[in-house]
Amino acid sequence: MEKKSTKIAYFVALGVFIVLLAVLGISFKDAPILIEGAATPFAGTFWSLLPPIVAIVLALISKEVYSSLFLGCLVGALLVSNFRPWETLVQLVEGDNGIVTTVSDAGNIAIIVFLVVLGIMVDLMNKTGGSEAFGRWAKKTVKTRSGAQLMTMLLGVLIFVDDYFNCLT
């Protein structure tokens with residue numbers, strides 16, 4: 001359980017951040033668009049780095065990856081919509097890379113299904129003790145440095161069948 005002072009500090013930081021975003025939105029309200037064809041004056045400026053910075057910093061501080069990524073997406077949608085709340089919601093849900101567009105793409109669905117199946121296999125292997133048994137076998141069998149390197153290379157070929165699977169193992 002977090003200390004009460006830590007939670008208060010998080011809320012104060014969040015409040016300051018929201019005020020800064022509001023000031024930024026007001027100051028850029030009628031700013032000229034620097035990149036032709038861009039929908040927002042923030043494109044191609046330092047401010048376009050703000051969403052990933054917010055997501056990374058929040059993930060490191062809070063240890064909550066999903067909520068940090070969502071807040072980073074929210075900040076990006078705020079920038080794209082010039083801080084208009086309704087347009088922000090539309091950008092998040094129906095925009096060019098919105099939730100509906102992304103989830104309805106067949107390639108993304110295939111990746112999600114593949115990762116779910118691989119995740120189930122990894123969890124099944126961990127629950128049944130397969131990883132622990134392999135560790136005991138490797139401890140008995142592999143005795144030299146070159147053997148450990150060879151085993152690492154072989155496992156790299158066997159386990160990392162896909163770049164999306166790396167995060168599950």
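The values are calculated or read from the model by the stated rules, or taken from the named source; none is laboratory data. None of the values given here were measured: they were computed from a predicted structure. All Cβ positions, even for glycine, are placed from backbone atoms using ideal geometry, and neighbour counts span all protein chains on display.
Looking at L50, is it surrounded by 13 or more Cβ atoms within 10 Å (Cβ to Cβ) and more than 15 Å from the chain's Cα centre (by Cα)? Give the steps one after another, and end with the answer.
Details: surrounded by 13 or more Cβ atoms within 10 Å (Cβ to Cβ): yes; more than 15 Å from the chain's Cα centre (by Cα): no.
Answer is no for this residue.
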Residues that are farther than 30 Å from V113 by Cβ, modelled with pLDDT under 80 and touching an Asp or Glu at 6+ places or on another chain (Cβ under 6 Å): does the stretch 79-88 have at least one? yes
If we keep just the residues of the stretch 118-169 that are modelled with pLDDT of 80 or more and of a type in the set (S, T, N, Q), which is nearest to N108 (Cα to Cα)? N126
Among the residues of the stretch 129-153, write down those that are aliphatic (A, V, I, L, M) and surrounded by 11 or more Cβ atoms within 10 Å (Cβ to Cβ). A133, A138, V142, A148, L150, M151
